[in-house]
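Here the structure is laid out as structure tokens; the discussion comes afterwards.
The values are calculated or read from the model by the stated rules, or taken from the named source; none is laboratory data. Bear in mind the structure is a predicted one, so any value in this text is a computation, not a measurement. Heads up, the Cβs are rebuilt from the backbone with ideal geometry, glycines too, and the neighbour counts pull from every protein chain shown.
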Amino acid sequence: MTHHYDALETRPPAEREVDLFSRLPGILRKAMEAPAYAGRLTGFDPAAVTSRAALARLPVLRKSELPALHKAAPPFGGFVAGSPGSFGRLFTSPGPIFEPESNRADPWRGARALFAAGFRPGDVLLNTFGYHLTPGGFIFDTSARALGCAVIPAGPGNTEAQFELVEAYRPVGYSGTPDFLKILLDAADGAGRDVSSIKRALVSGAAFPKSLQDEIKSRGVDAYQAFATADLGMIAFETSAREGMVVNEDLILEIVQPGTGDPVSDGDVGEIVVTSLDPHHPWIRLALGDLTAALPGPSRCGRSNMRIKGWMGRADQTTKVKGMFVRPEQIAEIGKRHPELGRLRLVVTRQGETDLMTLKAETAASDADLQEAVAATLRGVAKLGGAVDLVPVGSLPNDGKVIADER
């Protein structure tokens, strides 16, 4: 039995990069047929964007911006060239953000993730993600059907009805949140119902801590994690190696400093930015607001694409100090003005009834003049005064956090 979905998963990384970036100029031209992308990318020549360095010069589009943009120019904010009628299904997510589903096989790119989790053609899958208005249910449904699986469109809740379906169809697999999988197993035990046919699972949409992983495993279910969003579908997924998540094919994933579009150094925690190569609905440098870090080298499972640690928190650390917003991009600006500084972290505390800011900055060139200059820059950029604490290189945690609100 093959261990990989297709040969693309094991090709040399350099070959993948050449393929992705040879296709990217055409995707950019397609994106610029939409008015919003045409405006954002004015002055950029698609033919010149053939490397990660060139891509990093394009502006990021923040997911947090989409609700306002979609409201101003419904339904897709001007980022889609086709009309709503050119798509297969039309969804909404909280915000609201409006998402179309492309008319192609496996539109959410999820068959690979299911395959990596052990699903094979002919399997029956109990899908408990919601099908009402939002794309979650259909992401996993269409992915499973693209793989050749039969799907029970159960949705969340109503465990009694789900027990009847499980006992009748004997699904070998589950998709849904890890929390609902535990609820289902617990309720089956309490009601004396037989759900023992479920041997594997692909879970997403909620935290899956080690304690819950161990419990699910002890109950006979081999569960794998996937990182997916309603905009992009399946971005990365766990494999048998159990070493982080492998980035999906046909996506270019960058990890950037929070609040900027600047790539981080190898191994540093930063914000996930994704460019998709779907000509029907391309995304160009969509900043998701989620933190992760890249893992070095290929996976032991043989898949050669970039690996990430998985979800490591939120990148939007904007906070309010003395009534003024302080944003991650302002902290990044301080770093740009003082290249002798390394990792930065603004710590916000409270003393009595007063907000206090302390900028901790890694540097090998600690002196009073530098401390005074950085303090002046902090005041100029944030419009607020604060202390500066110059600390040794490597002393701040590598967790992607640039603003720590400790009030």
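Okay, residues lined up against (1) of a type in the set (A, V, I, L, M, F, W, C); (2) more than 15 Å from Ile139 (Cβ to Cβ):
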| residue | (1), (2) |
| --- | --- |
| Lys71 | no, yes |
| Val80 | yes, yes |
| Ser83 | no, yes |
| Gly95 | no, yes |
| Ser102 | no, no |
| Gly110 | no, no |
| Gly118 | no, yes |
Would you confirm whether or not the stretch 40-52 contains a residue that is surrounded by fewer than 15 Cβ atoms within 10 Å (Cβ to Cβ), on the phi > 0 side of the Ramachandran plot, without any contact (Cβ under 8 Å) to a residue 40 or more places away in the chain and of a type outside the set (A, V, I, L, M, F, W, C)? yes
Run Thr2 past the list (1) in a helix (DSSP H, G or I); (2) not assigned by TED's automatic domain parsing to the domain that holds Leu147 and report the number of the one that doesn't hold. (1)
So which residues in the stretch 311-329 are in contact (Cβ under 8 Å) with a residue 24 or more places away in the chain, surrounded by fewer than 18 Cβ atoms within 10 Å (Cβ to Cβ) and out of contact with any Lys or Arg (no Cβ under 9 Å at 6 or more places or on another chain), if there are any at all? Met312, Arg314, Lys322, Glu329
Going through the stretch 227-262 in order, the residues found to be in contact with a helix residue (DSSP H, G or I) (Cβ under 8 Å, 6 or more places away or on another chain), modelled with pLDDT under 95 and within 25 Å of Ala53 (Cα to Cα) are Asp231, Gln257, Pro258, Gly259, Thr260, Asp262
Test: residue in the stretch 23-38 that is assigned to a helix (DSSP H, G or I), over 14 Å from Thr275 (Cα atoms) and touching a Pro at 6+ places or on another chain (Cβ under 9 Å): no
Which of the residues spanning the stretch 319-334 are closer than 12 Å to Leu359 by Cβ and among the polar types (S, T, N, Q)? Gln330
Which ones in the stretch 197-226 are modelled with pLDDT of 95 or more and either assigned to a strand (DSSP E or B) or aromatic (Phe, Trp, Tyr) (or both)? Arg200, Ala201, Leu202, Val203, Asp222, Ala223, Tyr224, Gln225, Ala226
Specify the residue that is nearest to Asp231 (Cα to Cα); the eligible residues are those in the stretch 41-69 that are in a helix (DSSP H, G or I) and at pLDDT 95 or above. Leu69
